[in-house]
1. Arrange the peptides 332-344, 111-123 so that the one whose residues have, on average, the most other Cβ atoms within 10 Å appears first.
2. Take segment 278-344, compute every pairwise Cα distance, and split them into 10 Å bins from 0; I just need the percent in each bin.
3. Extent of the chain along each principal axis, from alpha carbon coordinates, in Å, largest to smallest?
4. Where does segment 102-174 land on Rg(C-alpha)/(2.2 N^0.38 Å)?
5. Can you give the local net charge around Cys127? Use residues other than it whose beta-carbon is closer than 11 angstrom to its beta-carbon, Lys and Arg +1, Asp and Glu -1.
6. Kindly work out what percent of the DSSP beta bridges joining two residues of the chain are antiparallel, to the nearest 5.
7. Rg and Dmax of segment 223-366, Cα atoms, in Å?
8. Which one of Asp269, Asp92, Asp281 has the biggest mean-square fluctuation once the chain is modelled by GNM with Cα springs under 10 Å?
Amino acid sequence: EKGGYDHFMLKEIMEQPDALEDAMRGRVRPEDNQIHLGGLHGHWDQLREADRIVIAACGTSWHAGLVGEYLIESASRVPVEVEYASEFRYRDPVLREGDVVLVISQSGETADTLAAVREAHSKGIPCFGICNVVGSTIARETDAGVYLHAGPEIGVASTKAFTAQVTVLSMIALKLAEGRTLSKAELADNIRALAGVPDKVRRVLNASNGALQSMAHTYRYASNFLYLGRGYNFPVALEGALKLKEISYIHAEGYPAAEMKHGPIALIDRSMPVVFMAMKDSTYDKVLSNIEEVAAREGSVIAITDDKDAELESLCEAVVEIPQTKEFLSPLLTVIPLQLLSYHIAVLRGCHVDQPRNLAKSVTVE
Ligand code: M6R
């Protein structure tokens with residue numbers, strides 16, 4: 001049942017190339033330059049013409065929602081807000097005609113996310129869903145939506161659901177961008193890039209698993225970790241920290257890289273590993289100067305990059321190289337080494353990877 005792996009989590013990490021292919025099958029169509037998402041058929045104008053899209057979710061799904069905010073705003077120029085479902089539903093949120101709520105939930109059963117659906121409906125606001133579990137309560141109660149088709153996720157730590165959620169959000173963003181922010185040629189280019197992601201994920205898994213396993217040996221005794229990223233990779237920093245916390249019980253925090261100097265830099269010393277997403281994109285120069293600041297304080301820098309050059313190597317204790325892709329797709333690749341690192345650290349620490357203490361796969365209490 002675990003497909004020859006020791007844990008469901010590793011199986012689910014490793015099956016991400018297939019899960020993403022399944023999520024895109026028949027939907028991402030480079031052959032006719034189309035994104036086809038039947039579940040939202042008839043609702044595209046509602047989304048394109050919305051005054052505001054409010055995304056509500058919890059945990060890892062909330063992190064995917066943050067990536068979705070960047071994706072959808074830049075593609076559609078519709079303002080997006082991302083809310084913790086648990087906060088949204090208890091604070092009598094301001095919702096007006098013209099707003100659209102989008103909830104994201106792997107299980108489709110998370111109590112707070114379900115309550116957000118009901119909150120939207122009680123105010124007459126349309127609510128769409130992105131769920132993995134077919135026929136789940138949230139899938140049934142939303143007005144329309146998209147299934148991930150990622151297959152069952154058993155490990156409590158969400159892995160393939162996150163990448164499938166970001167894939168679906170990328171499809172939604174491209175569909176909204178069509179005829180708006182992207183020309184036909186640009187759309188075609190982006191659709192091809194999205195279709196090429198599963199192969200690149202495969203390359204990351206093949207090339208970096210061994211290296212991350214040995215890095216796990218080096219860092220297994222750390223008691224704190226910091227994860228930093230900017231732009232599309234800021235939510236990935238949050239996700240990397242959550243993965244480490246929940247399965248290895250090591251305290252970790254994720255921040256937008258530039259926030260480091262507003263507080264967390266005070267924590268940095270020799271015993272503090274700092275994981276940076278350092279992709280050669282519009283954020284690189286600023287991230288590099290943050291890396292220099294950490295290195296100057298003797299923090300151990302681990303960088304995830306698509307361009308391992310001598311300068312970066314001289315500043316870092318470890319560098320994990322991943323393939324290049326378009327900036328908006330990079331979370332789908334940068335998150336993979338972070339999943340593997342937390343998995344291997346948790347195994348070395350003897351933790352119950354698939355069923356971490358105090359956690360349940362779906363949180364059906366509020
Ligand atoms: O099923 P959902 O996506 O609604 O679950 C939301 C969170 O409970 C979930 O993502 C949780 O944070 C995971 N354990 C993270 O790995």
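The values are calculated or read from the model by the stated rules, or taken from the named source; none is laboratory data. Not measured: the values here are computed from a predicted model. Positions of Cβ are generated from backbone atoms using ideal geometry, with glycine treated the same way; all protein chains shown enter the neighbour counts. Surface accessibility is based on the protein's heavy atoms, side chains included, excluding ligands, DNA and RNA. Shrake-Rupley method; radii C 1.70, N 1.55, O 1.52, S 1.80 Å.
1. Numbers: 332-344: 27.3, 111-123: 20.5.
Highest-to-lowest ranking by the protection proxy: 332-344, 111-123.
2. Bin by bin from 0 Å, the calculated values are 21, 53, 26, 1.
3. Projected onto the principal axes, the Cα atoms of the chain cover 54, 47, 44 Å.
4. Values: Rg = 11.9 Å, N = 73, 2.2 N^0.38 = 11.2 Å.
Dividing the Cα Rg of segment 102-174 by 2.2 N^0.38 Å gives 1.06.
5. Computed value for this residue: -2.
6. So the antiparallel bridges in the chain amount to around 5 percent.
7. Reported Rg and Dmax, both Å: 15.1, 50.
8. Result for the chain, Cα springs under 10 Å: Asp92 fluctuates most.
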